[in-house]
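The structure appears right after this line, and notes come after that.
The values are calculated or read from the model by the stated rules, or taken from the named source; none is laboratory data. What you see is a predicted model; the values in this text were computed from it and never measured. All Cβ positions, even for glycine, are placed from backbone atoms using ideal geometry, and neighbour counts span all protein chains on display. To get the accessible areas, we keep the full protein, side chains included, count just its heavy atoms, and leave off ligands, DNA and RNA. Shrake-Rupley method; radii C 1.70, N 1.55, O 1.52, S 1.80 Å.
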Amino acid sequence: MSRIKDDNSVGTRIGMAVTYIVLGIFTVLAIYPLIWLLINSFKTTQEFQLNKLGLPGSVEGYEWTFVNYKDAWVRGKFPILILNSVIYTAVTTVVVILFSFMGSFAFAKIRNRATPAIHGSFVIGLLLTLQSIMVPLYLMVNWVGLYNTRLGVLIPYIGIGMPMGIYLGTEYIKSIPDALVESARIDGATYLRIFRSIIAPMAAPVATTLAILTVTGTWNEFMLINILTSTDNIKSLPVGVQKFAGALATDYGKQFAALVIGLIPMLAFYLVFRKEITKGVAAGAVKG
Amino acid sequence: MSIFSKKKLGAAGEELALATQLKTGGGATARKEQIVSYWLLVLPGFLIYVAVMAFPTVFSIFLSLSDYKGGKLFGGPNPVKLVGFGYYSKMFHDEYFYLALKNNLYIVLVSVFGQIPLGFFMAYILFRGMVRGRDFFQTMIYLPCVISTVVIGILWKAFFAPTGAFTDLVRIFNPTYEAGLSSHPMIKVLFVILWMYTGTYLIIFLANLQKIDVSVIEAAKIDGASEIQALRYIILPALSGVIVTSAILAISGSLKSFDLIYVMTAGGPANRTSVLSLYMYDKAFRGAPNYPMANAISTVMVIISFLLIGLTKLVERKFGGRE
């Protein structure tokens, strides 16, 4: 980086101090609300009413407690919600990567007159919003009898993930030299074989990016699943957590514990994959 | 951009097919295998995409021009009829439409003139500043973006509630503060939006700043350029494309905003924090469904989004283009 080591003037040092202070302020602003949430999840609702900013136990007669977590875990039906979220996210991610790379390979390496039209329709899909398909999708899912089923959630999720997958996949596979495909063709390999043994292994880096984008998008999706499901057995974590904002809104202790449970999986995922996530965000932003 | 890439795609494919045909002797079986594999590879994803996105988009426009009231589309007791633009004109005469539109525009403004400059500023000091622990700062500031919007919304709702911590926090500075109905309820929503998404732009700008060759900046500095001049003549021009992309991202993201406001305020009090997507949601899913109206709203949203993106591109062509 541009560290000018020998420049040790007062100006530089003041500049550095200001930089640290500014960054420090932004960091505190970014994470203070989350820390506040975590701290308060260990207070009972009664203690929270008396003590909204301090640590648990700073009011006479109260102490740190896990009771909120126990209650929220049971009332929120978290085991089934987490299982559903895992199913939706895993299946959507695997299928989107597979289908979009299959299509991308065909668009990039197999000549066909239909390519401009089909590929173009996927590109338009990048600009479409969920709002414009929400009501029709709700009606269609009802007509085919998939309302409040896992399949009725998964099919829309896969379709919505396709444009980004096709976009990233086609760009990447185009950069793989044609000679690789051609020489395999001369050796008599079928296209499906080429996809399986040459393209798929080579596409791993962009598959990671796509996986990151699909996982974060699917896990946190709320708007669609909110209208496509009605029972806890089918809902995902975000829709399930939302219950704590309604009927249980004034039971702050439970609500905070539920929110912490709701954010832990994604937080863990982020801390493990933060390098890949930041790369994925930057890559996903090139669409436009 | 898409047209260009399609052309390239076509040309490459043609060349390839020619080469393969020449070398494999152009057998009819190879040609047939090529067509069959093409469709085997393309169709699974394309069919789902058509069913879930392409068709519903067209269907939505159809619904917005119809009098559909639910139930069977054809053959039911009230078969659906096309009625033209009646619901559009009804929408344009509804004061709540303008209230929601105004709030959406506030969000667009906060995103474009708040998140982007702030994100750029932070990315810039992380890039240029001699700061240790850049990774740490980046990780922390981006953290709110990865958490489910629903969790964020409920968290801030509790924080800003009249009995919440916000009141106590303000009382530290102003002991006489009383939480009442705010005269500008949108301000809190806008604050949370700014808080939540600025990290995204930090990430985007930092990733692209790191592509700039630092030695160019160093050389300019040795030649006597100030930090401001380096920013003005080297860094900003190199980033003009990214800034436009970010603006497009911010605009389309702002028009889509739903989750956060849905859980934080549900549009209240008295629809004063409503946005277009919430207005649409209310028409379709709260009370008696008004599907044509809801689809008229979503169609107008798509048009507004395309117009704003077109405008951004136009501004870019006029003032930018120094990539």
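Of note:
- At least 10 Å² of accessible area lost relative to the chain alone, listed for the range B:233-272 with a 1.4 Å probe: B:T245, B:I248, B:L249, B:K256, B:F258, B:D259, B:Y262, B:V263
- Helix A:150-174 and the longest principal axis of the Cα set of chain A meet at an angle near 60°.
- Between B:S66 and B:V83, the built amide H atoms are under 5 Å apart, and every one of these is 5 or more places off in sequence or on another chain.
- Taking chain B and dividing mean pair separation by its residue count, relative contact order in percent (alpha carbons under 8 Å, at least six apart): 27 percent
- Two-site FRET efficiency, B:F55 against A:L151, from Cβ-Cβ distance with R₀ of 22 Å, rounded to 0.05: 0.80
- For the protein assembly as shown, a crude dipole built from +1 on the beta carbon of Lys and Arg and -1 on the beta carbon of Asp and Glu, taken about the Cα centre, is about 980 debye to the nearest 20.
- Kyte-Doolittle mean at least -0.5, axial Cα span of 30 Å or more - DSSP H helices of chain B: B:2-24, B:28-49, B:186-209, B:291-319
- The residues of the range A:210-226 listed by number as losing at least 20 Å² of accessible area in the complex, against the isolated chain and with a 1.4 Å probe, are A:N220, A:F222, A:M223, A:N226.
- Value of relative contact order over the range A:10-64, rounded to a whole percent, pairs C-alpha under 8 Å and six or more apart: 23 percent
- Solvent-accessible area buried by pairing B with A, both sides, nearest 100 square angstrom, 1.4 angstrom probe: 10100 Å²
- The share of accessible area on the protein assembly as shown that comes from carbon and sulfur is 67 percent, using a 1.4 angstrom probe.
- Cα gyration tensor shape of the range A:203-288, rounded if a/c is under 1.5, else prolate or oblate by comparing a/b with b/c: prolate
- The relative contact order of chain A, computed from alpha carbon pairs under 8 Å that lie at least 6 residues apart in sequence, is 30 percent.
- In this structure, the residue pairs whose Cα-Cα separation is over 26 Å, taken from B:K102/B:K188; A:K52/B:K256; A:K235/B:K256; A:K77/B:K69; A:K174/A:K279, are A:K52/B:K256; A:K77/B:K69.
- Spin-label model distance (nm) - B:E227 vs A:T19, 7 Å beyond Cα toward Cβ: 0.8 nm
- Label separation (A:S183 vs B:I35): 3.1 nm, computed from points 7 Å beyond Cα along the C-beta direction.
- FRET efficiency estimate (nearest 0.05) - Cβ-Cβ, A:A268 to A:E60, R0 41 angstrom: 0.70
- Cα centroid separation, the range A:183-235 to the range B:107-126 (Å): 32 Å
- Maximal additional length on extending the A:I39-A:M202 stretch stands at 54.1 nm, based on 0.36 nm per residue less the C-alpha distance.
- Shape category assigned to chain A from the gyration tensor of Cα positions, a/c cut at 1.5: oblate
- The orientation-averaged projected area of the convex hull spanned by the Cα atoms of the range B:87-319 comes to 16.2 nm².
- In a fully extended conformation the segment linking B:V315 and B:L73 would gain 82.7 nm over its present Cα-Cα distance, using 0.36 nm per residue.
- Against the main long axis of the alpha-carbon atoms of chain A, helix A:10-40 sits at an angle near 80°.
- Estimated FRET transfer efficiency (A:V86, B:E218; beta-carbon r; R0 45 Å; 0.05): 0.40
- Normalised radius of gyration (Cα atoms, divided by 2.2 N^0.38 Å) for the protein assembly as shown: 1.05.
- The residues of the protein assembly as shown have, on average, 45 Å² of accessible surface per residue, using a 1.4 Å probe with all protein chains present.
- Shape category assigned to the range A:1-103 from the gyration tensor of Cα positions, a/c cut at 1.5: oblate
- Each of A:F269, A:F48 has its accessible area taken with a 1.4 Å probe; listed largest first, they run A:F269, A:F48.
- Where labels lie 7 Å past Cα in the beta-carbon direction, separation of B:N174 and A:R193 in nm: 7.6 nm
- Given charges at beta-carbon only (K, R positive; D, E negative), |dipole| of the range B:87-319 in Debye: 220 debye
- Sparse-neighbour loop sites [chymotrypsin sites (Phe, Trp or Tyr not before Pro); the range B:54-145; at most 10 other C-beta within 10 Å; DSSP]: B:F74
- Euclidean distance of C-alpha centroids, the range B:47-102 and the range B:212-257, integer Å: 43 Å
- Angle in degrees between helix A:131-143 and the longest Cα principal axis of chain A, rounded to the nearest 10: 80 degrees
- B:W195 accessible area, assembled protein chains, probe 1.4 Å, Å²: 30 Å²
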